[in-house]
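So the structure is just underneath, and the comments pick up after that.
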Amino acid sequence: MLQEEFLWKVPLREKITGSVYMIDYFRNGKYQLLFSGKNYIHMLDRNGNYVERYPVRLRSPATNSLALFDYDNNLNYRLLIAGEDKMVYAYDKTGSVVKGWKPFKQTEQYIQRYTGSEYR
């Protein structure tokens, strides 16, 4: 039987919803962990420390998990997430709202259901 080895542990403000992404925030080949909860977007470095400006408080509590995009495969990440206010928000990798993005209102609230298999 393999014994688990932990490099670090960090207390979080909330439960992780959805996927945990590995992104190269600093473009140096060292990856950070990006994920969201109901009220925050979180990014941790490889030592378990929050990246500067994180955690980022969401403008409205999330109804789904974070969606991550790198449109041109150039590490210019975009993060989209829907809120309880029925708005879809776009953030850049620094946690700032994307300039020029106009949050749009959905006609219905988007709710993602979790079966538990997403966490494996």
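Using Cα-Cα distances under 8 Å and only pairs 6 or more residues apart, what relative contact order does the chain have, in percent?
18 percent
Past 24 Å, Cα to Cα: identify those pairs from LYS15/LYS86; LYS15/LYS93; LYS30/LYS93; LYS9/LYS99; LYS9/LYS30; LYS15/LYS105, in the order given.
LYS9/LYS99; LYS15/LYS105
Could you point to the label whose value was computed as Cα Rg over 2.2 N^0.38 Å for the structure here, given (i) 1.71; (ii) 1.11; (iii) 1.24?
(ii)
Going by a ≥ b ≥ c, the root eigenvalues of the Cα gyration tensor, does segment 1-62 fall in the rounded group (a/c under 1.5), the prolate group (a/b larger than b/c) or the oblate group?
Working: a/c = 2.05, a/b = 1.31, b/c = 1.56.
Taking the square roots of the gyration eigenvalues as a ≥ b ≥ c, segment 1-62 is oblate.
Using a probe of 1.4 angstrom, how much of the accessible area of the chain is carbon and sulfur, in percent?
Carbon and sulfur: 50 percent of the exposed surface of the chain.
Between ARG46 and LEU2, 0.36 nm times their residue separation minus their Cα-Cα distance comes to what?
On the way: separation 44, 0.36 × 44 = 15.84 nm, distance 2.26 nm.
Roughly 13.6 nm would be gained on extension.
Could you run the Karplus curve 6.51 cos²θ - 1.76 cosθ + 1.60 with θ = phi - 60° over segment 32-40 and give me ³J(HN,Hα) per residue in whole Hz, x for Gly and Pro?
Whole-Hz 3J(HN,Hα) from phi for segment 32-40: 10, 9, 10, 7, 10, x, 5, 10, 9.
How would you order 69-79, 38-48, 6-16 from highest to lowest mean count of nearby Cβ atoms within 10 Å?
Ranked by mean Cβ neighbours within 10 Å, highest first: 38-48, 69-79, 6-16.
If I take the Cα coordinates of segment 30-76 and project them onto the principal axes, what are the three extents in Å, biggest first?
30, 28, 15 Å, listed from the longest principal axis down.
At 1.4 Å probe radius, can you tell me the per residue accessible area of segment 27-77 in Å²?
55 Å²
Using 0.36 nm per residue, how much length does the chain from THR107 to ASP92 gain when fully extended, once their Cα-Cα distance is taken away?
Working: separation 15, 0.36 × 15 = 5.40 nm, distance 2.48 nm.
Additional length available on full extension: 2.9 nm.
The values are calculated or read from the model by the stated rules, or taken from the named source; none is laboratory data. Note that this is a predicted model, so its numbers are computed, not measured. For neighbour counting, all protein chains shown are included, and Cβ atoms are generated from backbone atoms with ideal geometry for every residue, glycine included. Remember, those area values only see protein heavy atoms, side chains included, never the ligands or the DNA or RNA. Shrake-Rupley method; radii C 1.70, N 1.55, O 1.52, S 1.80 Å.
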